[in-house]
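*Asks:* Here it is: the structure, laid out below.
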Amino acid sequence: MAKEVVQMRREVAALLLEISRNIHPNEVIVLLHGRREKTGYFVEEVSFPPQSTYGEGFSSFNPYQLPIDHSFLGVAHSHPSGAPYPSVEDLNNMMGELMVIVTAPYRDERDIHVLDGEGRRMKLMIV
Ligand SMILES: [Zn+2]
């Protein structure tokens, strides 16, 4: 069965929006953790990548330093420009199975966009 739905804890969504808002106009990157389910993913918490610096996009952290962690689902980052779609660099640097893009003005789930490993849009459910 294809994985199509991403459930995200309400606290996680609120945290992503708040961090993105606080770091704006720079770009924030956080790691997503949770579990895989038959029809999708459940994002339960976030953590910060080692040696990340804000504002330089994906080039700023070294994926080889990521801990080996089965709860790791993917990466969320913000788009201060508000663009709700991945850039070419985003697609080329995709890590994990999920990509979450948080777009300015960071209001609520309308500004949280979820893509799968192929860059296809997934349905987001806040739970
Ligand atoms: Zn991006």
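The values are calculated or read from the model by the stated rules, or taken from the named source; none is laboratory data. These figures come from a predicted structure and were not determined experimentally. Cβ coordinates were reconstructed from backbone atoms using ideal geometry, including for glycine residues, and neighbour counts include every protein chain displayed.
*Asks:* State all residues of segment 103-123 that are in contact (Cβ under 8 Å) with a residue 12 or more places away in the chain and either under 15 Å from residue 15 (Cβ atoms) or part of a loop (DSSP other than H, G, I, E, B) (or both); if no residue qualifies, say none. Step through it out loud before you land on a result.
*Replies:* Applying the first criterion (in contact (Cβ under 8 Å) with a residue 12 or more places away in the chain) to segment 103-123 yields 103-109, 111-117, 119, 122-123.
Correct list: 104, 105, 106, 107, 108, 109, 111, 112, 117, 119.
*Asks:* Could I ask something else about it? Considering segment 88-100 alone, what residues qualify as being away from the ligand (no atom under 12 Å from the Cβ) and touching a His at 6+ places or on another chain (Cβ under 8 Å)?
*Replies:* Matches in segment 88-100: none.
*Asks:* Could I ask something else about it? Can you tell me which residue among 67, 86 is part of a loop (DSSP other than H, G, I, E, B), of a type outside the set (A, V, I, L, M) and at pLDDT 90 or above?
*Replies:* After ruling out the rest, the residue left standing is 86.
*Asks:* Tell me, which residue of segment 28-59 that is within 15 Å of the ligand (Cβ to nearest atom) and over 21 Å from residue 117 (Cα atoms) is modelled with the highest pLDDT?
*Replies:* 52
*Asks:* While we're on this one: Specify the residue that is modelled with the lowest pLDDT; the eligible residues are those in segment 70-83 that are under 20 Å from residue 8 (Cα atoms) and in a loop (DSSP other than H, G, I, E, B).
*Replies:* 70
*Asks:* Give the residues of segment 101-115 that are hydrophobic (A, V, I, L, M, F, W, C) and either over 22 Å from residue 69 (Cα atoms) or near the ligand (Cβ under 10 Å from one of its atoms) (or both), sorted by residue number.
*Replies:* So the first thing to find is which residues in segment 101-115 are hydrophobic (A, V, I, L, M, F, W, C), and the list is 101-102, 104, 112, 114-115.
If the condition is that a residue be hydrophobic (A, V, I, L, M, F, W, C) and either over 22 Å from residue 69 (Cα atoms) or near the ligand (Cβ under 10 Å from one of its atoms) (or both), then 101, 102, 104, 112 are the ones that fit.
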